[in-house]
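One structure is given here, and the rest of the page talks about it.
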Amino acid sequence: MKRALGFTAAALGLAACGTVSQMAATGGSRSDGIVRLSYEYGAFNKVHIDEATALETARERCHAWGYKEAEAFGGITRQCQASNMYGCVRWTVTKEYQCTGANTPS
C-alpha cells in the first residue's frame, strides 16, 4: 500500500512539473515583416515558454528577410486542435513578432 501511494505521489509530482516548450516558426509574411511562432500543449500540460529564445528565433527569421530586429506585438491566439466530450484536450498557441528596421541598400 505504501509503495502504491509513493508511486501515485511521484506521478502527481511529475504531472505538476512544467514543460519548457520551444516556439517554432509556423508562418508569417516577409513583405509585412511578420513572423508567427507557435507551440502545442495538451489539456493537462503546464507549459513554460522561454521568451528570450522565442525572440531570438523571430530575430533570425527577420534577419534572413533583410530586417535588423524583431519585437513581439499583440497578444497570443489559442486554437483548439482536438477535443472530446469534456472539452478541448490539445491547443496550438501562436504569437506574432514584427520585424523592424529594414536594411537599406548601400
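The values are calculated or read from the model by the stated rules, or taken from the named source; none is laboratory data. Predicted model only: the values in this text are computed from it and were never measured. FYI the Cβ positions are ideal-geometry reconstructions off the backbone, even for glycines, and counts take in every protein chain you see.
Things to note:
- Matching residues in region 65-76 - criterion: being loosely packed, with under 14 Cβ neighbours inside 10 Å and either at pLDDT 95 or above or touching a Gly at 6+ places or on another chain (Cβ under 9 Å) (or both): K68, E71
- G27 vs. criteria over 12 Å from the mean Cα position of the chain (by Cα), at pLDDT below 55 and not hydrophobic (A, V, I, L, M, F, W, C): no
- Verdict on E56 being at pLDDT 95 or above, charged (D, E, K, R) and exposed (fewer than 13 other Cβ atoms within 10 Å of the Cβ): yes
- Among residues of region 24-43 that are under 15 Å from Q98 (Cα atoms), those with a Cβ under 6 angstrom from a residue that is among the basic types (K, R) and surrounded by 15 or more Cβ atoms within 10 Å (Cβ to Cβ), sequence gap 6+ or separate chain, pair up as A25/R61; T26/R36; G27/R36; G28/R36; V35/R61; L37/K95.
- 1 or more residues without any contact (Cβ under 8 Å) to a residue 12 or more places away in the chain: qualifying strands (runs of 3 or more DSSP E) within region 44-106: 67-84
- Any hit, region 2-13, residues being part of a helix (DSSP H, G or I), at pLDDT below 95, among the polar types (S, T, N, Q) and out of contact with any helix residue (DSSP H, G or I) (no Cβ under 9 Å at 6 or more places or on another chain): yes
- Given (1) modelled with pLDDT of 95 or more; (2) within 12 Å of the chain's Cα centre (by Cα), number of the condition E51 does not satisfy: (1)
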